[in-house]
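Heads up, the thing below is written out as structure tokens.
The values are calculated or read from the model by the stated rules, or taken from the named source; none is laboratory data. What you see is a predicted model; the values in this text were computed from it and never measured. We place every Cβ from the backbone using ideal geometry, glycine too, and count neighbours over all the protein chains shown. Heavy atoms of the whole protein, side chains included, go into the accessibility calculation; ligands, DNA and RNA do not. Shrake-Rupley method; radii C 1.70, N 1.55, O 1.52, S 1.80 Å.
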Amino acid sequence: MGALLRLYAAGTALTCEPVDQGLLNRGYRLCTTRGRYFLKHHFDPDTADPAAIERRHRATQRLADLGVPVAPPLAHREGRTVAVVGGHAYALHPWIDGRHRHGGQLTRGESARLGALLGAVHACLERVMPPKGRTRPATSPHPVESADPAATFALIDDLLAHVRRHRPADAFDELARHRLLERRALLEQHADRRPPRGGSVGWVHGDFHPFNLLYKGDAPAAIVDWDRLGVQPRAEEAVRAAAIFFVRPAGALDLPKVRAYARTYRRAAGATPSELAAAVHRVWWERLNDFWMLRWHYERGDTRADCQFPAASALAVWWTREYDAVCDAFVE
């Protein structure tokens, strides 16, 4: 810690407290004799290359210059924004006083503001990033190729076997088994609706959700964690974000808020209703085939996402039943 702070001329550490939000990297609230900072340890091996981190840092600075609420990192005495200490990559950001807010805490007007913000992010990224045809897209957990139901059926069988072997069985196992069997039946019913390859792509944040957006009062103060910045279908990020912000505990989407959000997103990003309709279909299919939370739980023994599983797994079922209403909310 001392070597890192000396590199940044950031004073002497007084306190260093872990920030518990976030699943892939490690963050710390750092108070020194020079001020307050957010120290990020880039721990995820998929995104921890220092040169790639520096490129993302330059992008956030250009976005800040356009007025997008971000928190660009500080440069150290060698002029770089990444410090490699003991073989680990770190970045020091100014501390932003703010709080995370999920969709249930947003009014309809604030939901519209959220859609306009994400639309502005996509539009500004098109201005500050290299043309899509001259860059290799960043690695992303959301492939353009849609999920193959045959592979999903095999995964369901494997996860069911994990559930059966877990002893002693608990309430999570019971819910997991119920949702796996339910999802298999839904996929058997809708297997012929697999979407084609994705359409137009653009630069996206890559992980836009409530834990990566800080508010001061009712205004967005900073979009954080740009580790997944890359080229992906833009409208799919908009739909995916809405499905995280506006999902209710029982698994339904707050459609009036989704409608307000989508309307301003389309206007700010210049997205067409048909683009959003195709994105709704692809993200719906993604949700039907997605079991990352169960894979973390049973294959890795990592339970950090368990609390998200009840609502997320119920959403796929509700969305299938209310497919037309969801699509209308995004395109009207």
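Observations, loosely collected:
- Checklist (1) at pLDDT below 95; (2) farther than 30 Å from Tyr28 by Cβ; (3) open to solvent by 50 Å² or more (accessible area, probe 1.4 Å) applied to Glu188, failing item: (1)
- Entry remark, the stretch 311-326: residues being more than 18 Å from the chain's Cα centre (by Cα), open to solvent by 30 Å² or more (accessible area, probe 1.4 Å) and over 15 Å from Leu187 (Cβ atoms) number 4 in total.
- Residue pairs meeting the criteria (Cβ under 7 Å; at least 6 apart or on separate chains; first in the same structural domain as Ala279 (by the TED database), in the stretch 143-163; second basic (Lys, Arg) and open to solvent by less than 20 Å² (accessible area, probe 1.4 Å)): Ile156/Arg183
- Restricted to the stretch 222-231, and to residues there that are open to solvent by 30 Å² or more (accessible area, probe 1.4 Å) and not acidic (Asp, Glu), the residue that is nearest to the chain's Cα centre (by Cα) is Arg228.
- Matching residues in the stretch 245-272 - criterion: being surrounded by fewer than 17 Cβ atoms within 10 Å (Cβ to Cβ), of a type in the set (D, E, K, R) and not in a helix (DSSP H, G or I): Arg248
- Tally, over the stretch 232-244, of residues that are open to solvent by 20 Å² or more (accessible area, probe 1.4 Å) and farther than 15 Å from Met129 by Cβ: 2
- Where a residue in the stretch 303-332 is farther than 14 Å from Val258 by Cα and its partner, wherever it lies, is open to solvent by 60 Å² or more (accessible area, probe 1.4 Å), with Cβ under 6 Å and at least six apart: Ala311/Pro249
- Hits in the stretch 94-127 (condition: closer than 22 Å to Gly206 by Cα and of a type in the set (S, T, N, Q)): Ser111
- Criterion violated by Gly67 - all others in (1) part of a helix (DSSP H, G or I); (2) among the small types (Gly, Ala, Ser); (3) at pLDDT 95 or above; (4) under 24 Å from Leu125 (Cα atoms) satisfied: (1)
- Of residues in the stretch 288-310 being part of a helix (DSSP H, G or I) and open to solvent by 40 Å² or more (accessible area, probe 1.4 Å), the one farthest from Pro149 (Cα to Cα): Cys307
- Candidates Phe246, Phe291 - the one that is modelled with pLDDT of 95 or more and in contact with a Lys or Arg (Cβ under 6 Å, 6 or more places away or on another chain): Phe246
- Taken over the stretch 255-283, the criterion of being in contact with a Ser or Thr (Cβ under 8 Å, 6 or more places away or on another chain) and either over 18 Å from Phe208 (Cβ atoms) or of a type outside the set (A, V, I, L, M, F, W, C) (or both) is satisfied by Lys257, Tyr261, Arg266, Glu275, Arg282.
- Selection status of Leu175, over 30 Å from Ala59 (Cβ atoms), open to solvent by less than 30 Å² (accessible area, probe 1.4 Å) and aliphatic (A, V, I, L, M): no
- Just one of the listed residues (Ile223, Ile244) is touching a His at 6+ places or on another chain (Cβ under 8 Å) and either closer than 14 Å to Gln105 by Cα or not assigned by the TED database to the domain that holds Arg108 (or both), and it is Ile244.
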